[in-house]
Every structure is written in structure tokens, then in C-alpha cells.
1. On a 24 Å Cα-Cα criterion, which of the cross-link pairs 38/113; 32/78; 31/73; 47/81; 47/73 come out too long?
2. What does the highest-first list of 3-9, 78-84 look like by mean Cβ count within 10 Å?
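Here, each number is a calculation from the coordinates, and none is a lab measurement. Since the structure is predicted, the reported quantities are computational estimates derived from the model, not experimental observations. Cβ coordinates were reconstructed from backbone atoms using ideal geometry, including for glycine residues, and neighbour counts include every protein chain displayed.
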Amino acid sequence: IESVYLIPFGLFIFIFTQSYLLSFSFSNLYKKTEELNKLTQDLDTVKNELLNDKSLDLNNTLKILASYTNADKAYIFKVNKNAPDLSAYYPEDLELLTEKYLHEIIKETIQTKSSIIVNNFSTSEFKQFFKSDFNQTKSILSVPLIVSDKIRAVICFERFEKSKFTQLHRDF
């Protein structure tokens, strides 16, 4: 069968496709590297600030963490026998903590041993505990602190504006 000689054309398409796929992979890896570098720099800055504060004041620690997550409120709950106990909070003039939705989120964090991000209460499983008439909270991030496979504490952050918590905030 006599036909057009297509080997050079096929070889060109194969090499071009491979180079495109390699460049696409390198581009994605570069983006991930940049994100990790930023996260590492932020963590280093927070570490330096926390180490410069030679006291063990948890409220000041929460203030530093809240500033880097852009949170308006922050809490640390010490966990003893799977029961949360409020240990520290930011801002310090915070009223007595009575929000039912927050207690339910902390309980769920303890039970599942995983972080919880709630950015929209109307579609979350916690909407029955949330009363939007009295509260200005728009999003919540709850992160367990696990040591030796046991939850020792839970850190919780709240935001009043519409911006959302992301997985990057959780990893921070």
C-alpha cells in the first residue's frame, strides 16, 4: 500500500505532546512549591513571635494565631475525658461562652479527631444550633491538637466577615 510517509509527523506530535505534559507538570509543582514556601515562612514568623514571648500566656498565643488566620475570635479548649473545658480566649473581653453551635462543633471535633470548617451555617449540619439573629459569626475553623493519638486540646477560630476559612488555614 502506497501512502504518505507519516513517521516524521507522528514523531513531531509525540515529542510536542510529551514536552507539553512535562511543562504542565513542572508548572503545577512550581505553584505547590510557592504555596509551601509561603506557608513555611508564615509558620517561621509565628514560631519566632511565639518564642520571643517568653511567657506561657495562652491568650497572647491565641492573639498571634488569630492575627495570622484573620480570625475575630479564638478559643482553646482543654480536653479531659472527652469533655471540653475553655482554657483561653481572644479577645480577652469576651463575654461568657454560651453559644450552642460552638459546643456542638467542639464535640464533633473531639469525636471525629479531625478539623471542621463551617463557612455557611445555613447548609451545615450545625444549622439547628445556630441562631443568626443574635450572632455575627459567619465562619468557624475547629482544629484538634492530637498528642499520642489522644486529643489534648481544640483550637477554634471565628470570623465575622464573609471571607471563608480554607484548607490552607487548617494546615497553618
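1. Details: 38/113 27 Å; 32/78 34 Å; 31/73 31 Å; 47/81 30 Å; 47/73 20 Å.
Listed pairs above 24 Å: 38/113; 32/78; 31/73; 47/81.
2. Values: 3-9: 7.3, 78-84: 13.3.
Taking the mean over residues of other Cβ atoms within 10 Å, the ranking is 78-84, 3-9.
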